[in-house]
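The values are calculated or read from the model by the stated rules, or taken from the named source; none is laboratory data. None of these values were measured; they are calculated from a predicted model. Neighbour counts run over all protein chains shown; Cβ positions are idealised from the backbone, glycine included.
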Amino acid sequence: MKKILKTILKLITGLFLLIIVLVLSVLLIDLGNVGYLKITNHPEAENRSYLIRNVNILPMTMDTVLRNKSVWIKNGVISKIAEDIDAGDMAVVDGNNKYLLPGLTDMHVHVWDDYELGLYLSNGVTAVRNVWGQPMHLRMKAAITQDKILAPMFFTSGPKLTGPEFLGDDNQQLFSVGEAKDMVVKIKNKGYDFIKTYYGLPQDYFDAILEEAKKSDLDIAAHPSNKVPYEYHFRSGIATVEHAEDIVQQPLDYKLDTLKLNEVVAAFGKAHETSFCPTLTVFHNIYNMLEDDDILNSSSLGQMNPMIRKMDSKAQFDRWYGTKMEDPGVVDRIKNQHMFHLLALKKLHRAGVNIVCGTDAGIGVTVPGASIHRELELYREAGLSNYEVLKTATVNPSKVHGFMKDFGTVENGKMANLILVNGNPLQDLAVLQNPEMVFIKGRKLDRKTLDEFKTAATDRSNLLASFLRYAEFLVSK
């Protein structure tokens with residue numbers, strides 16, 4: 001009997017070790033497949049000191065173009081801007097009379113793998129704020145901070161914090177005020193950059209999180225909770241309130257009520273410490289799903305993470321397709337609500353609320369990187385000027401968090417997170433879609449390299465690796 005038990009134990013141990021080896025192999029293979037992002041594989045990006053000549057600058061400190069300028073980049077930082085700078089023995093980049101402006105920032109994304117980092121860069125996005133933190137994001141952040149890989153500046157929340165009633169394996173449920181405080185400390189100690197509060201968080205829990213976040217010097221990005229009044233989120237410590245649709249769903253109780261909207265706008269306008277992140281694209285994509293029965297087979301979705309494409313993209317499409325089959329009127333209702341979101345954004349902007357660009361990319365059918373261009377187009381449709389639109393993805397985010405203050409404008413002392421585009425985006429926002437060159441911490445990436453990043457991320461085969469990383473998150477909760 002002992003021999004049999006010993007044999008069974010050996011088999012179990014062997015099987016366990018085999019599983020570990022297989023898991024590590026899958027993850028290591030996936031890591032090898034994104035080796036194209038390693039800085040050591042891009043010797044042309046090693047030099048972070050050079051002169052950019054013959055370039056037109058959108059400084060984003062004012063609505064103007066500084067024409068025919070030179071920009072001295074020293075160790076990845078903008079050192080001097082002038083009409084003419086002696087290059088000496090420095091390398092020179094010819095701007096060819098193109099337009100130089102700050103790289104774009106997407107303030108609301110869900111990152112699922114390293115491939116997406118290349119996608120963001122290829123679209124001129126040089127900073128992202130990830131709002132659903134998992135262990136893999138801490139490793140990602142470390143690799144970026146230590147200059148091991150080419151990637152946007154990367155900032156991540158901890159897990160989404162909700163209360164005891166709101167179920168879901170993607171949420172971090174809290175069951176007491178004490179646990180809420182402890183979770184903030186845990187998030188801080190693990191190295192996450194800010195707190196993400198979520199739907200279903202009761203007020204006493206929320207108050208505890210605010211109190212502990214202040215002690216821990218952590219900002220909060222708030223997906224509005226239905227357990228508190230919407231206006232509760234307009235307070236010190238809450239850096240941003242997310243999602244235009246939540247204005248309709250919560251204070252307006254699903255009614256497109258302009259008078260009630262005006263009350264919300266007036267209250268938000270007095271909240272000088274809290275910015276608004278609209279994420280219009282992700283809601284508008286509901287309308288796109290309702291209009292296009294073949295959207296899951298579109299070429300653009302080839303840039304989505306395969307796990308998300310199989311699970312979330314399909315689940316969202318099935319949900320809305322089923323709703324349309326039962327109630328065709330849903331198409332017009334979604335379209336009308338989207339138009340109401342544009343009105344809300346216009347009113348919030350006029351009330352002086354700091355608007356920051358966010359897309360909710362990485363879920364549903366909202367593609368990482370490319371979706372920021374649609375988001376900016378929607379702000380233009382809402383009535384913002386091109387300059388005001390550009391501010392939402394450049395200088396405005398730099399006002400939100402202390403960790404973003406070193407980029408967002410083109411001026412001396414700022415980090416050289418920049419994009420070079422063929423035309424003037426003050427006249428045509430579409431020129432942002434395929435930047436000729438992207439500079440990330442001064443590292444130069446040309447269009448050929450950026451296209452390679454995009455190609456490598458299209459129809460990638462890292463489904464199993466993605467599931468394993470998500471399983472790690474579930475186990476670590």
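Applying a threshold of 8 Å to beta carbon distances and a minimum spacing of six or more residues, or different chains, the list of pairs starting in the range 267-283 at a residue that is more than 21 Å from residue 389 (Cβ to Cβ) and assigned by TED's automatic domain parsing to the domain that holds residue 229 and ending at one that is outside any loop (DSSP other than H, G, I, E, B) and modelled with pLDDT of 95 or more reads 267/231; 273/238; 273/239. If you check 225, 236 for being under 12 Å from residue 199 (Cβ atoms), among the hydroxyl-bearing types (Ser, Thr, Tyr) and either in a loop (DSSP other than H, G, I, E, B) or assigned by TED's automatic domain parsing to the domain that holds residue 273 (or both), only one passes: 225. Only residues that are under 24 Å from the mean Cα position of the chain (by Cα) and in a loop (DSSP other than H, G, I, E, B) were counted in the range 197-222, giving 8.
For (1) on the phi < 0 side of the Ramachandran plot; (2) crowded, with 24+ Cβ neighbours inside 10 Å, each residue gets a yes or a no:
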{"site": "124", "(1), (2)": "no, yes"}
{"site": "191", "(1), (2)": "no, no"}
{"site": "196", "(1), (2)": "yes, yes"}
{"site": "201", "(1), (2)": "yes, yes"}
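Please verify whether residue 201 is at pLDDT 95 or above and of a type in the set (A, V, I, L, M), treating the condition exactly as stated. It is true that residue 201 is at pLDDT 95 or above and of a type in the set (A, V, I, L, M). What is the one condition in (1) surrounded by 21 or more Cβ atoms within 10 Å (Cβ to Cβ); (2) under 28 Å from the mean Cα position of the chain (by Cα) that residue 61 does not satisfy? The one condition residue 61 does not meet is (1). Just to be sure, is residue 247 crowded, with 21+ Cβ neighbours inside 10 Å and touching a helix residue (DSSP H, G or I) at 6+ places or on another chain (Cβ under 6 Å)? Yes; evaluated as a whole, the condition is true for this residue.
Checking 185, 241 one by one, the residue that is under 21 Å from residue 267 (Cα atoms) and in the same structural domain as residue 354 (by TED's automatic domain parsing) is 241 and no other.
Residue 134: surrounded by fewer than 20 Cβ atoms within 10 Å (Cβ to Cβ), over 10 Å from the mean Cα position of the chain (by Cα) and in the same structural domain as residue 401 (by TED's automatic domain parsing), yes or no? So residue 134 does not fit the description; no. Could you please let me know if residue 393 is more than 24 Å from residue 55 (Cβ to Cβ) and among the small types (Gly, Ala, Ser)? It is false that residue 393 is more than 24 Å from residue 55 (Cβ to Cβ) and among the small types (Gly, Ala, Ser).
Take the conditions under 30 Å from residue 140 (Cα atoms) and of a type in the set (D, E, K, R) and apply them to residue 83. Does it pass? Steps first, answer last, please.
On the way: under 30 Å from residue 140 (Cα atoms): no; of a type in the set (D, E, K, R): yes.
No.
In the range 445-466, which residues are touching a helix residue (DSSP H, G or I) at 6+ places or on another chain (Cβ under 6 Å) and either crowded, with 16+ Cβ neighbours inside 10 Å or assigned to a helix (DSSP H, G or I) (or both)?
Correct list: 450, 453, 454, 456, 457, 460, 462, 463, 464, 465, 466.
Go through the residues of the range 208-220 one by one and say whether even a single one is buried (at least 18 other Cβ atoms within 10 Å of the Cβ), without any contact (Cβ under 8 Å) to a residue 60 or more places away in the chain, in contact with a strand residue (DSSP E or B) (Cβ under 6 Å, 6 or more places away or on another chain) and within 20 Å of residue 398 (Cβ to Cβ). Within the range 208-220 (the criterion being buried (at least 18 other Cβ atoms within 10 Å of the Cβ), without any contact (Cβ under 8 Å) to a residue 60 or more places away in the chain, in contact with a strand residue (DSSP E or B) (Cβ under 6 Å, 6 or more places away or on another chain) and within 20 Å of residue 398 (Cβ to Cβ)), the answer is yes, since at least one residue qualifies.
Scanning the range 242-283 for residues that are assigned to a loop (DSSP other than H, G, I, E, B) and either among the hydrophobic types (A, V, I, L, M, F, W, C) or farther than 21 Å from residue 397 by Cα (or both) yields 244, 250, 251, 252, 253, 254, 255, 256, 257, 271. Every condition in (1) at pLDDT below 95; (2) surrounded by fewer than 17 Cβ atoms within 10 Å (Cβ to Cβ); (3) over 23 Å from residue 380 (Cα atoms) holds for residue 326 except the one numbered (1).
Identification of helices (runs of 4 or more DSSP H) wholly contained in the range 93-190 with 3 or more residues that are under 22 Å from residue 213 (Cβ atoms) and in contact (Cβ under 8 Å) with a residue 24 or more places away in the chain yields 135-145, 177-190.
I'd like to know if the range 77-89 contains one or more residues that are within 20 Å of the chain's Cα centre (by Cα) and crowded, with 22+ Cβ neighbours inside 10 Å. No. In the range 441-462 there is no residue that is assigned by TED's automatic domain parsing to the domain that holds residue 128, among the basic types (Lys, Arg), free of Cβ contacts under 8 Å to residues at least 40 places away in the same chain and closer than 30 Å to residue 133 by Cα. Here the condition is being in contact with a strand residue (DSSP E or B) (Cβ under 8 Å, 6 or more places away or on another chain), over 30 Å from residue 220 (Cβ atoms) and crowded, with 24+ Cβ neighbours inside 10 Å; of 431, 438, it holds for 438 alone.
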